[in-house]
Each structure stands twice: as C-alpha cells, then as structure tokens.
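Encoded as structure tokens, the structure appears first; notes follow it.
The values are calculated or read from the model by the stated rules, or taken from the named source; none is laboratory data. Since the model is a prediction, treat every value here as computed from it, not as a measurement. All Cβ positions, even for glycine, are placed from backbone atoms using ideal geometry, and neighbour counts span all protein chains on display. Just so you know, the surface numbers come from the protein's heavy atoms only, side chains and all, with ligands and any DNA or RNA stripped out. Shrake-Rupley method; radii C 1.70, N 1.55, O 1.52, S 1.80 Å.
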Amino acid sequence: MSKTEQNLLAAFAGESQANRKYLAFAERAEAEGYKQVAKLFRAAAEAETIHALNHLREMKGVKSTKENLLEAINGESYEFQKMYPQMIEDAKAEDAKGALRSFTFANEVEKIHAELYKRALENIDSLPEKDYYVCKICGYTVEGDAPEECPICKAKKQAFKKID
Ligand code: FE2
Ligand code: FE2
Ligand code: FE2
C-alpha cells in the first residue's frame, strides 16, 4: 500500500469518527440549551461526512453491491469472530462493566448483520420487500416487525426505530 493509500485509510477513519462524535456533541449541546453550538456541530458533522466520502471514493472503497455485501459479511464476521470476543475477554479481565456491555451488544448484533447480509447476497435478485427495525439501545437489527422485547438488551418495542 502506498503512503497515500495509507493516508486515505487513516483520514477516512478519522473523518468518520469526527462525524459521529460531532453528532453526539450536538445532542449534548441541545440538551444543555446551546442551540447555536448544536447547529455548528451538526454543520461540521455534515462536512466531515463529505470529507470521509471523498476519501473513500479516492480509495475506490465502494464497489458493486455484490462485492460490497461480501466485504460487509467479511467485516462483520471479523468483528464477531475475532475482534469483539477478545475485547470482551479483556473487559472481563479488567472488570470494565460498561465496556463489556457495549462490546457484548455489538458482538451479538454483528452476528445478525452478517446473517442478514448473507441472505441478501444469496437472494439478491429476489429479495422480498420488508421493513427493518433497529433497537436504539443495542442496535439489534430485525427484518419485518419490531419484537415486543429486544432479544439482546430486553428493551421494549417502543425502543425500536423503523428504517426507511
Ligand atoms: Fe474534515
Ligand atoms: Fe454491524
Ligand atoms: Fe436492544
């Protein structure tokens, strides 16, 4: 990988993180009554997304949908097979309860993402039209309808957000 390719990768990661971080900062600013600061954070967050997508385009990071599904399956699988299991062990060893919960939620949901992507790839030309719901607490992602209770974090049905 050339130096520029490495830089694009690092810059994509940084800009992507800045986007999510600024959106979280905007929510806090709203909660603290700083409306204008919240707006500034949202504006910068929007710009960081543009930077991230520009870098991703230059990295040729978006391919055909079939290739993208395959890449997504590989990424999710790495996370629940290697990355999160190790992080969960480390969190247990260090008695980091909050992180343990956060890693466990993600670990469980990435398994489901990998499955949903696999099914989508296998049936790409005959996928039935269905809604998706996402649990706002743990990210549990479900096809069809929201369950009465989230199987991962036990949140109630109202905690689910419908995805358009
Ligand atoms: Fe930026
Ligand atoms: Fe995921
Ligand atoms: Fe949940």
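Numbers at a glance
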| quantity | calculated |
| --- | --- |
| Options N123, N74; residue that is within 20 Å of F12 (Cα to Cα), not assigned by TED's automatic domain parsing to the domain that holds L9 and not aliphatic (A, V, I, L, M) | N74 |
| Residue in the stretch 146-159 that is open to solvent by 50 Å² or more (accessible area, probe 1.4 Å) and in contact (Cβ under 8 Å) with a residue 24 or more places away in the chain present | no |
| Filter result for L8 (farther than 30 Å from R101 by Cα and under 17 Å from the mean Cα position of the chain (by Cα)) | no |
| Residue list for the stretch 101-124, restricted to those being closer than 24 Å to I137 by Cβ, in contact (Cβ under 8 Å) with a residue 12 or more places away in the chain, of a type in the set (D, E, K, R) and open to solvent by 30 Å² or more (accessible area, probe 1.4 Å) | E108, K111 |
| Qualifying positions in the stretch 132-149 - within 18 Å of the chain's Cα centre (by Cα) and either in a loop (DSSP other than H, G, I, E, B) or within 16 Å of ligand 1 (Cβ to nearest atom) (or both) | K136, I137, C138, G139, Y140 |
